[in-house]
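Trainee: After the structure tokens below, expect a handful of questions from me.
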Amino acid sequence: MKKIIAIISVISLVFTFLLCGCDCRYYEERLDDIKDQLYEVRSQMDELEFAISGLKKEIDDFSYEDWRYNVQDMRRAAYEIESIFEDLDRKIDDIE
């Protein structure tokens with residue numbers, strides 16, 4: 001996923017420099033917008049990584065915790081991951 005974001009950034013930079021003879025200001029603003037969007041995507045990737053770690057912890061809890069209590073924690077962790085993933089997917093669609 002990070003490679004895809006990096007590739008999009010590089011393509012955007014190359015595109016900007018190639019068309020710089022036209023209207024540089026427009027492309028500079030567009031590049032700034034893309035950079036901001038990529039920053040948001042990176043932030044959400046960090047959130048997703050944290051949520052996945054939380055899910056792994058909940059899975060480990062099954063070894064010593066009553067499963068009836070742990071199931072609710074697992075559902076909550078899975079919902080959090082799903083929510084972050086959907087937000088991330090929307091932001092990537094916006095960038096494209």
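The values are calculated or read from the model by the stated rules, or taken from the named source; none is laboratory data. Source: prediction; values computed, not measured. All Cβ positions, even for glycine, are placed from backbone atoms using ideal geometry, and neighbour counts span all protein chains on display.
Trainee: What pairs can you find where one residue is in the range 39-66 and more than 14 Å from Asp87 (Cβ to Cβ), the other is of a type in the set (D, E, K, R) and surrounded by 15 or more Cβ atoms within 10 Å (Cβ to Cβ), and their Cβ atoms are less than 6 Å apart, with a gap of 6+ or different chains?
Mentor: Glu58/Asp73
Trainee: Also, I was wondering about something else. Looking at (1) surrounded by 16 or more Cβ atoms within 10 Å (Cβ to Cβ); (2) modelled with pLDDT of 90 or more, find the lone condition where Gln44 falls short.
Mentor: Among (1) surrounded by 16 or more Cβ atoms within 10 Å (Cβ to Cβ); (2) modelled with pLDDT of 90 or more, the lone unmet condition for Gln44 is (2).
Trainee: For the range 30-37, state whether one or more residues are under 21 Å from Asp94 (Cα atoms) and in contact with a Lys or Arg (Cβ under 9 Å, 6 or more places away or on another chain).
Mentor: For the range 30-37, residues under 21 Å from Asp94 (Cα atoms) and in contact with a Lys or Arg (Cβ under 9 Å, 6 or more places away or on another chain): present.
Trainee: Let me ask something additional. Return yes or no: is Glu58 under 20 Å from Ile92 (Cα atoms) and either surrounded by fewer than 12 Cβ atoms within 10 Å (Cβ to Cβ) or modelled with pLDDT under 90 (or both)?
Mentor: On the way: under 20 Å from Ile92 (Cα atoms): no; either surrounded by fewer than 12 Cβ atoms within 10 Å (Cβ to Cβ) or modelled with pLDDT under 90 (or both): yes.
Spelling it out, it is not the case that Glu58 is under 20 Å from Ile92 (Cα atoms) and either surrounded by fewer than 12 Cβ atoms within 10 Å (Cβ to Cβ) or modelled with pLDDT under 90 (or both).
Trainee: For the range 19-27, does any single residue satisfy the condition of being charged (D, E, K, R) and modelled with pLDDT of 85 or more?
Mentor: Narrowing the range 19-27 to residues charged (D, E, K, R): 23, 25.
Remaining after also requiring modelled with pLDDT of 85 or more: none.
No, because not a single residue in the range 19-27 is charged (D, E, K, R) and modelled with pLDDT of 85 or more.
Trainee: Now for a separate question. So which residues in the range 69-88 are surrounded by 12 or more Cβ atoms within 10 Å (Cβ to Cβ) and either under 9 Å from the mean Cα position of the chain (by Cα) or under 11 Å from Gln44 (Cα atoms) (or both), if there are any at all? Give the steps one after another, and end with the answer.
Mentor: Start the filter on the range 69-88 by keeping residues that are surrounded by 12 or more Cβ atoms within 10 Å (Cβ to Cβ), which leaves 70-71, 73-74, 76-78, 80-81, 83-85, 87-88.
Passing the criteria: Ile81, Ser83, Ile84, Phe85, Asp87, Leu88.
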